[in-house]
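Since the structure comes first, as structure tokens, the remarks are kept for the end.
Bear in mind that the values in this text are calculations on the coordinates, not laboratory data. Fair warning: this is a prediction, and the values are worked out from it, not measured in the lab. Every residue, glycine as well, gets a Cβ built from its backbone with ideal geometry; the counts of neighbours run over all protein chains shown.
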Amino acid sequence: MSIKTIVQRSMLVAGLVVGASALSATSAWAADAAPDASTAPAAGTPRILVLATGGTISGTADPRSAIGYNSGNVLGQDLVRGVPGIEKLANISAEQISNVGSQDMSDKIWFQLAHRIQEAFDRNEVDGVVITHGTDTVEETAFFLQSVLRSDKPVVLVGSMRPGGSTSADGPGNLYEAVEVAASTKSQGRGVMVVMNDQIHGPRWITKTNTTAVQAFASPNAGAIGYVDPASVRFVTPPPQSARNVLGLPAAGPLPRVEIVYAHSNMDGLQIDHAISDGAKGIVLAGEGDGDASKEALAALDRAARKGIVVVRSTRVMSGFVNRNVEVDDDKRGFVVSLDLNPQKARLLTQLLIANGVTDSQKVQQAFGGTW
Ligand code: ASP
């Protein structure tokens, strides 16, 4: 269903809650560090499309417990209406794509999102897109979209850690800032981003680092790419040379089956053998340390690679790179390393590569290392 509306100021949500994390930028990119006058649009008001998918940001508190809630209860158009002052930032239209907790995010919804965004940009309907999304898998959706969209106009994903109606609801403030970032001229050419709690993160690096805290996201290997408050958008990294990626959106889903296998002490090869017999086209190892696993597990991965299954070594560790040929002879075994991509993003990239016909381990390795 498509619900288009120029949003009027509304007082449905009593107050704009903006997280107050005091963060210092690690690299000052001076040319862009000034407050952003573009956040108060006058002539040529930016056109922003809000695509709602669900999540806590569209959840309502469950009176049965102090922390409980049901996600995916509020429609996107009502979320937007509930944010005081948001209408001053842009001409906003809202469409409902789904209303699910992002634990139920699916290839089907991803394809719908990608097609709708591409269409809106190709027809020059909008200057930027905001996607309201659950926080559990927002990093995967951001990475997927960045990999397949043929545009570098801003696409800003946003969620919240607290549902509407809770005492510390962070949704309205986050949504305000997401629209602010999508509408800013500074965001042109930056493609897909995630805005949470005053920070702007890139899809390759962002990950959820806390189960429940409002400050839940970080980019451990790179830091935030920018910061936002209700009056300013500041980027601390230069825009990428191109935010467009080379991978095509496959004609239809579902994406090929790729399993993540989590490494641990006393590991045998059974999980991996099961993945092979279940028809996996790729296996991502969430390895120990630098993507390591026991001799038995590595032997099972050898069996997979010999069958033509794409084997990628990633890590269960939150930060750092998985390097080639350190303790594991990747060249000899025909394995790929994920570098800085965590297992869930390594899985996605592997799925997209296989769907695009790229299965040779050297070519897969190039795609992992050559996209940023
Ligand atoms: N389970 C929720 C989701 O990802 C959590 C959230 O949105 O914060 O949809």
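Odds and ends about this structure:
Here's the yes/no breakdown for (1) more than 16 Å from the chain's Cα centre (by Cα); (2) of a type in the set (A, V, I, L, M):
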site	(1), (2)
VAL192	no, yes
VAL195	no, yes
ARG204	no, no
ALA218	no, yes
ALA224	no, yes
LEU249	yes, yes
LEU255	yes, yes
ASN266	yes, no
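- Scanning the stretch 67-96 for residues that are within 16 Å of the ligand (Cβ to nearest atom) and surrounded by fewer than 22 Cβ atoms within 10 Å (Cβ to Cβ) gives ILE67, GLY68, TYR69, ASN70, GLY72, ASN73, LEU75, GLN96.
- Condition check for SER184: crowded, with 23+ Cβ neighbours inside 10 Å and among the hydroxyl-bearing types (Ser, Thr, Tyr): yes
- Of all the listed residues (GLU125, GLU177), the sole one being touching a residue at least 40 places away in the same chain (Cβ under 8 Å), in a loop (DSSP other than H, G, I, E, B), away from the ligand (no atom under 16 Å from the Cβ) and not small (Gly, Ala, Ser) is GLU125.
- Filtered residues of the stretch 223-256 (kept if surrounded by 14 or more Cβ atoms within 10 Å (Cβ to Cβ) and either among the acidic types (Asp, Glu) or under 21 Å from VAL336 (Cβ atoms) (or both)): ASP229, ASN245, LEU247, PRO250, LEU255, PRO256
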